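Here the structure comes first, spelled out in structure tokens, and everything after it is commentary.
The values are calculated or read from the model by the stated rules, or taken from the named source; none is laboratory data. Model, not experiment: these values are computed from the prediction. All Cβ positions, even for glycine, are placed from backbone atoms using ideal geometry, and neighbour counts span all protein chains on display.
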Amino acid sequence: MDDLEYLILRYGDHLSQNLHYRDGSDQHTVQRGLFLYRQNRVRSLRLSDDILYATVQDVVPAQVELDLYLEHGSCTCPEKRICKHQMAAFFAVYGRFFPVSEWLETWRDRSEQEQLSLGIFSSASPKKGPVAEPKGKGSRKEILESTAREAAKSFVKSVVSEKNDMSSLFFQIYADMAIQKIDDSLSSDWEMTPVEMVFACTVFLQGVFEELEKVPDLSSETAENFLDLFDVFVGNIENAIARMPRPLPFKAEPLLNRLASISGKFLEREEPFFTVRLYLYWKIWADLLKDISRRKKEFDRLSRLFKKGGENELLAQAFLCHFFLAGRMKETLTALNAFDSGYYFLHHIFLSYSLDNGDLRTAEKILASILHILPGVIENRSPDEIRRFHSWLEGKLFSYAEESGDYDLAEKLFSGLFPHSARSLIRLFLKTEQYGKLSDLLLAAGYGVDNIEGKLLKEISRKDPESLLAIYHWSILREIEAKNRNHYRKAVSHLKKLKAIYKKLKREEEWNRYFDRLLKQFRRLSAFREECKRGKLIHEA
């Protein structure tokens, strides 16, 4: 063990002594740090004179310093104690030398070995060095599948045990241990490691689904924890697919054939976790199992199941995935447009797939289908769900519009989602320089001239001054009706700018009529009239 490894282990020991897992605040700190680390939010990690420097991307980026020798940390965030950013930076450097799950285990066992000694896995911490081949006879496929299934069975048994008061933090600890179990089963063959990772994670998740079918009732908190677990494993699958060599080696065929068979088991039951099952099935067939003959074989299998009858909605949507992958857009769009109840998950994955592959023509058709079902989304979804829908759609729409040059479809969709999409429409109208529509939108949202940045206001005044007339009129009335001298001064400031716009448009007579009407309308407000005189809008005879 070199000096750096020793310092990292010593710093980890310092953290485990100063953070107590029974303390809710400390639990939260470790949990959020683990989340930031898993999401690859730790950037520019560097070491100088035993001090670790890191930038952690958060809502506000944080600069972290960890003095490994003096065992002291600091962060630019307001937190005075050990914070989530320091934990994320620690996990990032610790993970380069040792499994992070090892530290989590040690931290947990330090204070309460008895309560959590459930024996779901070997209590021995993973040792640094070459990974040993899993014991037992059989092919790589059989070893991987056996390991993943056993990990899934033990994992579910532990986290749903009545003896276990399972917080989300300890759920993650068990998840990390399961991930480590799978990692240990992978071979050192660089060509096969990503394929084996996808295979093992898929088997593990299918095993989790099967075990959960035996659980009569899941608490909402436990179900939420499982969704977090699925996010992690799906992320592992996506990352592994991205790392795979192309073309895949021939020796991967046994795993791919078995993977095709296992993926079909996701469709045998709709619950629990309908959407997760569908997404996993889609991901495997869309991004990995691309062989035409293999896809046709699966399509024929699903066709036979349909002929047998049954009301399996998950099976129907998986069938539709194969229509889409085969390029049969007529059947795909007919089915998508039938989702008038506001169901849009398939639109989500089909649109993302089309944009990722640069297929703008298909993306346009999917977006048109979303426009078709949009009334159902608005009618049948809660405000929070609509906001999440808009948040997802916003990035996709702008990506499509910028690549295709077609902003009309984006405008129609954002208009249908108003007022949730007000900011998106503002961005779109600025991008397309539709300043008249921008002014109308700001008025509809209750915004005035003061809500427009000065630099932007000058740009609009230069390019399309007429579009500012209505918003100036509205802003002036709002200031006057406040009946306060400070507001009168603000109104006069707006009036002077409005007068300049009318002059630029060569419509001075219209300005004169407007200003005369305004003075008559508020003739009893002497203070307002005085401010107009001070602003030299009214000249004494």
Seminar exercise, completed: Per the list (1) out of contact with any Asp or Glu (no Cβ under 9 Å at 6 or more places or on another chain); (2) in contact (Cβ under 8 Å) with a residue 12 or more places away in the chain, residue check on Ala482 breaks on (2)
Problem set entry | Residue check for Ser461: among the polar types (S, T, N, Q), within 39 Å of the chain's Cα centre (by Cα) and outside any loop (DSSP other than H, G, I, E, B) | yes
Exercise. Mind checking whether some residue in the range 213-230 is under 27 Å from Gly264 (Cβ atoms) and at pLDDT 85 or above?
Worked result: no
Exercise. Looking at the range 196-213, is at least one residue under 20 Å from Arg149 (Cα atoms) and part of a loop (DSSP other than H, G, I, E, B)?
Worked result: yes
Seminar exercise, completed: Considering only helices (runs of 4 or more DSSP H) wholly within the range 364-457, the ones with at least 2 residues that are hydroxyl-bearing (Ser, Thr, Tyr) and more than 23 Å from Met329 (Cβ to Cβ) are 435-444
Seminar exercise, completed: Result of the Cβ filter at 6 Å on the range 23-36, keeping first residues that are not assigned by TED's automatic domain parsing to the domain that holds Asn225 and partners that are outside any helix (DSSP H, G or I) and surrounded by fewer than 17 Cβ atoms within 10 Å (Cβ to Cβ), at least 6 apart or interchain, is Asp26/His20
Seminar exercise, completed: Condition set exposed (fewer than 15 other Cβ atoms within 10 Å of the Cβ) and at pLDDT 65 or above, scope the range 125-149, selection farthest from the chain's Cα centre (by Cα): answer is Ser139
Exercise. Of all residues in the range 494-541, which are of a type in the set (Gly, Ala, Ser) and either surrounded by 15 or more Cβ atoms within 10 Å (Cβ to Cβ) or part of a loop (DSSP other than H, G, I, E, B) (or both)?
Worked result: Gly535, Ala541
Problem set entry | Lone qualifier among Glu403, Glu394 - being surrounded by fewer than 19 Cβ atoms within 10 Å (Cβ to Cβ), assigned by TED's automatic domain parsing to the domain that holds Leu355 and at pLDDT 90 or above | Glu403
For this session: Please work out which residue is modelled with the lowest pLDDT, limiting yourself to the range 336-361 and to residues that are farther than 13 Å from Lys396 by Cα and buried (at least 17 other Cβ atoms within 10 Å of the Cβ).
Result: Gly342
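Conditions tested, residue by residue: (1) within 20 Å of Leu438 (Cβ to Cβ); (2) at pLDDT 95 or above; (3) of a type in the set (Asp, Glu).
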{"site": "Leu456", "(1), (2), (3)": "yes, no, no"}
{"site": "Lys463", "(1), (2), (3)": "yes, no, no"}
{"site": "Ser467", "(1), (2), (3)": "yes, no, no"}
{"site": "Lys483", "(1), (2), (3)": "no, no, no"}
{"site": "Asn486", "(1), (2), (3)": "no, no, no"}
{"site": "Lys520", "(1), (2), (3)": "no, no, no"}
{"site": "Ala527", "(1), (2), (3)": "no, no, no"}
{"site": "Glu531", "(1), (2), (3)": "no, no, yes"}
{"site": "Gly535", "(1), (2), (3)": "no, no, no"}
Exercise. Just one of Ile241, Ile284, Ile292 is of a type in the set (Val, Ile, Thr), assigned by TED's automatic domain parsing to the domain that holds Phe230 and farther than 29 Å from His390 by Cα; which is it?
Worked result: Ile292
For this session: Scan the range 445-484 residue by residue and report those that are among the β-branched types (Val, Ile, Thr) and under 29 Å from Ser526 (Cβ atoms).
Result: Val449, Ile471, Ile476, Ile480
Problem set entry | Those residues of the range 1-33 which are within 13 Å of Phe90 (Cα to Cα), of a type in the set (D, E, K, R) and over 32 Å from the mean Cα position of the chain (by Cα), in sequence order | Glu5, Arg10, Asp13
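Each row is one residue, and each column tells you yes or no for (1) buried (at least 16 other Cβ atoms within 10 Å of the Cβ); (2) over 28 Å from the mean Cα position of the chain (by Cα); (3) without any contact (Cβ under 8 Å) to a residue 12 or more places away in the chain.
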site: Asp184; (1), (2), (3): no, yes, no
site: Glu191; (1), (2), (3): no, yes, no
site: Val195; (1), (2), (3): yes, no, no
site: Val198; (1), (2), (3): yes, no, no
site: Cys201; (1), (2), (3): yes, no, no
site: Phe204; (1), (2), (3): yes, no, no
site: Phe209; (1), (2), (3): yes, no, no
site: Leu212; (1), (2), (3): yes, no, no
site: Pro216; (1), (2), (3): no, yes, yes
